[in-house]
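To start, the structure under review is shown below, and the notes come after it.
The values are calculated or read from the model by the stated rules, or taken from the named source; none is laboratory data. Since we're looking at a predicted model, the values are computed, not measured. Counting neighbours? That spans all protein chains shown, and the Cβs are built from the backbone with ideal geometry, glycine included.
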Amino acid sequence: MRELWVSGLLALLLLAAIVWMVAPLSPGAVVLQFAWTPRAFGEIVHLWPPDDLARYRLHLPLDTALLLAYGSFGWLLATRTALFAALTGPGRAFARFGLPLAAVFDAAENAFHWWLTEVPRFDAPMTYLMSSACSACKWSLLLGFGALVLYALARSPD
């Protein structure tokens with residue numbers, strides 16, 4: 001149970017640090033995650049001064065630590081607590097693998113963004129598409145997991 005609390009607290013602290021770090025970016029970091037084309041991506045990045053682009057790139061290692069923390073937290077919450085015990089097999093499977101899979105998509109998105117923000121790469125449109133697809137999958141899994149937690153809490157006999 002200690003690992004669950006440590007991973008959850010670490011995820012919250014890292015999330016707070018990242019939100020603080022990227023808060024000055026305008027447009028924000030989440031907008032960049034859904035830039036499906038080289039043009040959309042470039043329009044966002046070129047609005048940022050060099051210091052803001054450096055700030056964005058600096059947050060990526062912290063985001064990698066965050067994805068490890070929230071992926072671990074999700075796995076531990078699903079496997080070491082009874083929160084999801086009343087769910088059917090597919091619900092319990094999603095509870096176990098939802099956040100770890102979101103972390104995999106987040107890691108891929110980070111790798112794409114590290115490469116795409118290094119220098120302009122407007123000749124690789126599929127890379128932008130894959131990056132945004134990873135973002136969409138990550139956010140869908142995160143929101144789905146959150147909804148499943150609320151559903152499990154509502155069904156809990158306690």
Against the conditions (1) surrounded by fewer than 17 Cβ atoms within 10 Å (Cβ to Cβ); (2) touching a residue at least 24 places away in the same chain (Cβ under 8 Å), where does Thr79 fall short? Just the number, please. (2)
Between a residue in the range 29-58 that is under 16 Å from Trp114 (Cβ atoms) and any residue that is among the polar types (S, T, N, Q) and assigned to a helix (DSSP H, G or I), which pairs come within a Cβ distance under 6 Å, given they are 6 or more apart or on different chains? Gln33/Ser135
Quick count over the range 1-16, residues being part of a helix (DSSP H, G or I), in contact (Cβ under 8 Å) with a residue 12 or more places away in the chain and more than 19 Å from Trp139 (Cα to Cα), is 4
Out of the range 89-124, which residues are among the charged types (D, E, K, R) and loosely packed, with under 14 Cβ neighbours inside 10 Å? Glu118, Asp123
Within the range 62-74, is there a residue that is assigned to a loop (DSSP other than H, G, I, E, B) and touching a helix residue (DSSP H, G or I) at 6+ places or on another chain (Cβ under 8 Å)? no
State whether the residues of the range 1-23 include one that is over 22 Å from Thr117 (Cα atoms) and of a type in the set (Lys, Arg). yes
Could you tell me which residue of the range 1-43 is nearest to Ala133 (Cα to Cα), considering only residues that are over 15 Å from the mean Cα position of the chain (by Cα) and among the aromatic types (Phe, Trp, Tyr)? Trp36
Looking only at the range 26-59, count every residue that is closer than 18 Å to Pro120 by Cβ, at pLDDT 95 or above and assigned to a loop (DSSP other than H, G, I, E, B) and tell me the total. 7
Restricting attention to the range 141-151, which residues are without any contact (Cβ under 8 Å) to a residue 24 or more places away in the chain and within 12 Å of the chain's Cα centre (by Cα)? Leu143
Flag for Ser140 being crowded, with 19+ Cβ neighbours inside 10 Å, of a type in the set (S, T, N, Q) and over 20 Å from Ala85 (Cα atoms): no
